[in-house]
Amino acid sequence: MSWIDHKKTCNFTYNSSAQLSTNFYDKTCPKVLTTVNSVVRSAVAKEKRMGASLLRLHFHDCFVQGCDASVLLDDTSSFTGEKTAGPNNNSLRGFNVVDNIKSKVEAVCPGVVSCADILAIAARDSVVILGGPSWKVKLGRRDSKSASLSAANSGVIPPPTSTLNNLINRFKARGLSTKDMVVLSGAHTIGQARCTLFRTRIYNESNIDTSFARTRQRTCPLTVGSGDNNIAPLDVQTPIAFDNNYYKNLINKKGLLHSDQILYNGGSTNSLIESYSKNSNSFNSDFAAAMIRMGNISPLTGSSGQIRKNCRRPN
Ligand code: HEM
C-alpha cells in the first residue's frame with residue numbers, strides 16, 4: 001500500500017471511529033452510567049416532573065446546533081446563549097440536576113464525560129424510571145464552546161402553535177421523519193405546560209372535548225397576563241407515567257397543546273396516532289429507536305469541541 005493510500009485508510013478509520021458508540025466510556029469511565037442513574041433516580045424520586053424536564057432538555061439541546069450541550073451554557077461576555085430564547089425562557093428546567101450529575105461524574109472520572117452525553121443518558125434514565133422503554137444510549141458526543149440565542153430563536157424548535165406541516169418540516173430539517181415526529185411527541189405523556197401556551201386552544205378551538213376544555217379553563221383564565229404561568233399536565237390521565245395515554249387523549253380530543261391535537265385532526269398522521277393508541281409495545285420500541293436518531297443529530301466528535309468541566313461554561 002502506498003503511503004497516500006495508507007493515509008486515506010487511516011483517515012477513514014479515524015472518521016468512522018468518530019461515530020457515537022454504546023461502549024464509548026467502557027475503558028475511560030466505566031462508572032458513568034451508574035453514576036448518572038443514581039442522581040437522576042434521586043431527583044425524580046424527589047419530584048416526578050423532573051424526569052419530564054430532563055427529557056425535554058435533551059430535545060432542546062439536539063435541535064439547536066446538534067446534541068452538543070449548547071443549551072446548558074450560561075451567557076458570557078462573548079455570547080448570549082439559548083436559555084433566554086423563546087422556547088426555553090421560564091420553561092426549561094433541570095439545570096441544577098445536570099450540575100449535580102456532572103459534579104458526581106467529574107469525581108469518578110475527571111475531564112472525560114461530556115455534558116452532551118450526560119443529557120442523553122439522563123433523558124433515557126428518566127423515561128425508564130417513569131415506566132417507559134429503555135435503549136442503549138450512544139455516547140461520544142463532545143461539548144460546544146459556545147451557544148447562540150439567535151440560533152435557538154430561529155424557529156428550529158417548533159412552537160405549540162405549529163401547523164402539522166410546520167411540525168413535519170422542522171423535524172425533517174433535523175433528519176427526522178414524520179413518524180419520528182409523531183412518536184417523539186409521545187414524550188408529552190409526561191410533564192406539564194403553562195397556561196400561556198394552551199390558552200388559545202382551550203378557549204377558541206373546536207376540536208377539543210368540552211368538559212376537558214372547561215376543566216383546563218378553571219386554572220387558566222381567558223385574560224392574557226392572568227395565570228399565564230399556571231401549569232397543567234400534558235397527559236390528562238397519567239402525567240407522571242410514561243405510557244401511550246397521550247395518543248388515547250388525542251383520539252378523545254384531549255390534547256393540551258394545539259401542536260398535540262393537530263396530530264389527530266383528520267390529516268396524514270391520524271393513522272399513526274390510532275396505531276400507537278392501541279399498541280403500547282410499538283410505541284415503546286419506536287420511541288426508543290427515534291430517541292437514538294434524535295441523539296445522533298450533528299454531534300461534535302473526535303477533536304471538535306471540548307469536554308466541559310462545568311456544564312454551564314466553556315473551559
Ligand atoms: C413536536 C413538537 C413539539 C412541540 C411543539 C413541543 C412543545 C412543548 C411545549 C409548548 C411545552 C410546554 C412548555 C412550557 O409550558 O413552558 C412542552 C413540554 C414538554 N415537552 Fe415538548 N414539544 C414538542 C416535542 C417534544 C419532544 C420531541 C420531546 C422529547 C422527546 C418533548 C418533551 C417535552 C416534555 C417532557 C415536556 C414537559 C416538560 C416539563 O414538565 O418540564 N417535546 N413541549
Worksheet item: What's the center-to-center distance, using Cα atoms, between region 47-106 and region 131-182 in Å?
Response: 14
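Under the definition of Cα pairs under 8 Å and six or more residues apart, what whole-number percent is the relative contact order of the chain? Could the numbers behind the result be given before it?
Values: 533 pairs, mean separation 78.5, N = 315.
Relative contact order of the chain: 25 percent.
In a shell of Cβ-Cβ distance under 14 Å around Ser211, excluding Ser211 itself, what net charge do Lys and Arg (+1) and Asp and Glu (-1) give?
Net charge around Ser211: +4.
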Response to the item:
Taking max minus min of the Cα coordinates of region 159-201 on each principal axis, largest first, gives extents in Å of 31, 20, 13
Worksheet item: How far is it, in nm, from the label point at Ser38 to the one at Ala289 when both lie 7 Å from their Cα along the line to the Cβ?
Response: 3.6
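What order, most packed first, do the peptides 55-61, 221-227 have when packing is the mean number of other Cβ atoms within 10 Å of each residue? Write out the running numbers ahead of the final one.
Working: 55-61: 24.0, 221-227: 11.4.
Ranking the peptides 55-61, 221-227 by packing returns 55-61, 221-227.
Can you work out the FRET efficiency for the pair Ala107 and Gln192, with r the C-beta to C-beta distance and R0 = 35 Å, to the nearest 0.05? Before the final figure, lay out the partial values.
Values: r = 32 Å, r/R0 = 0.92.
Approximately 0.65, to the nearest 0.05.
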Response to the item:
With no solvent term and unit scatterers on the alpha-carbon positions of region 164-293, Debye gives log₁₀ I(q)/I(0) at q = 0.12 Å⁻¹ of -0.44
Worksheet item: Per the Kirkwood treatment, what hydrodynamic radius in Å, one decimal, follows for region 226-315 from the mean inverse distance over all distinct Cα pairs?
Response: 16.1
Worksheet, complete the sentence: Among region 237-281, those whose backbone N falls under 19 Å of a label point 7 Å along Cα→Cβ from Thr161 are 256-263
Item to complete: Report, in deg cm²/dmol and to the nearest 500, the calculated mean residue ellipticity at 222 nm for the chain, where each DSSP H run with n ≥ 4 adds -39500 (n - 2.57) and the sum is divided by the residue count.
Response: -14500 deg cm²/dmol
Fill in: Nearest-0.05 FRET efficiency for Asn89 and Gln217, computed from C-beta distance (R0 41 Å)
0.95
Worksheet entry | In sequence order, calculated HN-Hα J values of region 185-199 (Karplus, 6.51, -1.76, 1.60; Hz; x Gly/Pro) | 4, x, 4, 6, 6, 10, x, 10, 9, 8, 3, 4, 8, 10, 4
Worksheet item: Semi-axes of region 31-82's equivalent ellipsoid from the Cα gyration tensor, sqrt of 5 times each eigenvalue, largest first, rounded to whole Å?
Response: 25, 13, 12
Worksheet entry | Cβ-Cβ FRET estimate between Asp99 and Ile251, R0 fixed at 30 Å, reported to 0.05 | 0.15
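Quick one: length gained pulling Ser78 to Gln306 fully straight, 0.36 nm per residue minus the C-alpha distance? Present the calculation step by step, with values, prior to reporting the outcome.
On the way: separation 228, 0.36 × 228 = 82.08 nm, distance 1.74 nm.
Fully extending the segment from Ser78 to Gln306 adds 80.3 nm.
For region 25-156, go through all pairs of different Cα atoms, get the mean of 1/r, take its inverse, and jot down that Kirkwood value in Å.
14.9 Å is the Kirkwood radius here.
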Practice prompt. Determine, for each peptide in 152-160, 256-264, 288-296, the mean count of other beta carbons within 10 angstrom over its residues, then list the peptides with the highest first.
Written response: 256-264, 288-296, 152-160
Worksheet item: If only Cα atoms are counted, what is the Rg of the chain, and what is its Dmax, in Å?
Response: 20.2, 76
Discussion item. Based on the alpha-carbon set only, what is the convex hull volume of region 264-315 divided per residue, in Å³?
Written reply: 149
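For region 113-201, what D do you get in µm² per second when you plug the Kirkwood radius from alpha-carbon pairs into Stokes-Einstein at 20 °C and 1.002 mPa s? Provide the component values of the computation, followed by the final result.
Details: Rh = 15.5 Å.
Approximately 138 µm²/s, per Stokes-Einstein.
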Discussion item. From the mean inverse distance of alpha carbon pairs (Kirkwood) and the Cα radius of gyration, derive Rg over Rh for region 89-146.
Written reply: 0.99
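Each value in this text was obtained by applying a stated rule to the coordinates, not by laboratory testing. Bear in mind the structure is a predicted one, so any value in this text is a computation, not a measurement. All Cβ positions, even for glycine, are placed from backbone atoms using ideal geometry, and neighbour counts span all protein chains on display.
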